[in-house]
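Have a look at the structure below, then the notes.
The values are calculated or read from the model by the stated rules, or taken from the named source; none is laboratory data. As the structure is a computational prediction, the values presented were derived from the model and not from experiment. Backbone-built Cβ (ideal geometry, glycine too); neighbour counts: all protein chains shown. Areas reflect the complete protein model, heavy atoms only, side chains present, ligands, DNA and RNA absent. Shrake-Rupley method; radii C 1.70, N 1.55, O 1.52, S 1.80 Å.
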Amino acid sequence: MSIIGPHPPLPREVVLYTPEQMDRLLVKGGLSCICQTEGRSDMEFDKWVEGDIHYIKTRSIGLDLKLMVKTVGAVIMRKGAK
């Protein structure tokens with residue numbers, strides 16, 4: 001597992017994936033990603049997976065550093081926590 005990357009999916013989620021959403025399985029799972037910094041509990045599942053796929057297609061060291069900083073802010077502000 002890495003620090004930044006999509007959360008590892010649950011088997012019950014994977015069976016619901018569309019062919020496009022299967023791209024989410026191409027990378028190592030992580031502790032935080034775009035969705036965790038944008039209110040994960042407030043997002044619909046499809047939007048969450050869309051954010052993960054966006055991350056996979058645009059990932060870079062700069063984006064990872066940005067997401068690390070945003071993750072700290074989201075935790076402190078309890079953004080999306082339920």
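Looking only at region 15-51, which residues are among the β-branched types (Val, Ile, Thr) and open to solvent by 40 Å² or more (accessible area, probe 1.4 Å)? Hits for region 15-51 are Val15, Thr18.
Could you check, for region 11-18, whether at least one of its residues is in contact with a helix residue (DSSP H, G or I) (Cβ under 6 Å, 6 or more places away or on another chain) and not aliphatic (A, V, I, L, M)? First the steps, then the outcome.
Taking region 11-18 first, the residues in contact with a helix residue (DSSP H, G or I) (Cβ under 6 Å, 6 or more places away or on another chain) are none.
No, because not a single residue in region 11-18 is in contact with a helix residue (DSSP H, G or I) (Cβ under 6 Å, 6 or more places away or on another chain) and not aliphatic (A, V, I, L, M).
Taking residues in region 6-21 that are touching a residue at least 40 places away in the same chain (Cβ under 8 Å), and partners anywhere that are open to solvent by less than 50 Å² (accessible area, probe 1.4 Å) and not in a loop (DSSP other than H, G, I, E, B), the pairs with Cβ atoms closer than 6 Å and at least 6 places apart or on different chains are Pro6/Arg24; Pro6/Asp52.
Looking at Leu31, Leu16, can you tell me which residue is among the hydrophobic types (A, V, I, L, M, F, W, C) and within 13 Å of the chain's Cα centre (by Cα)? Lay out the reasoning, then the answer.
On the way: Leu16 fails: within 13 Å of the chain's Cα centre (by Cα).
Residue meeting the stated conditions: Leu31.
May I ask you to list the residues in region 10-28 that are closer than 25 Å to Val75 by Cα and either at pLDDT 90 or above or of a type in the set (A, V, I, L, M) (or both)? Result: Leu10, Val27. Ile76 fulfils the conditions (1) in a loop (DSSP other than H, G, I, E, B); (2) exposed (fewer than 11 other Cβ atoms within 10 Å of the Cβ) except for a single criterion, (1).
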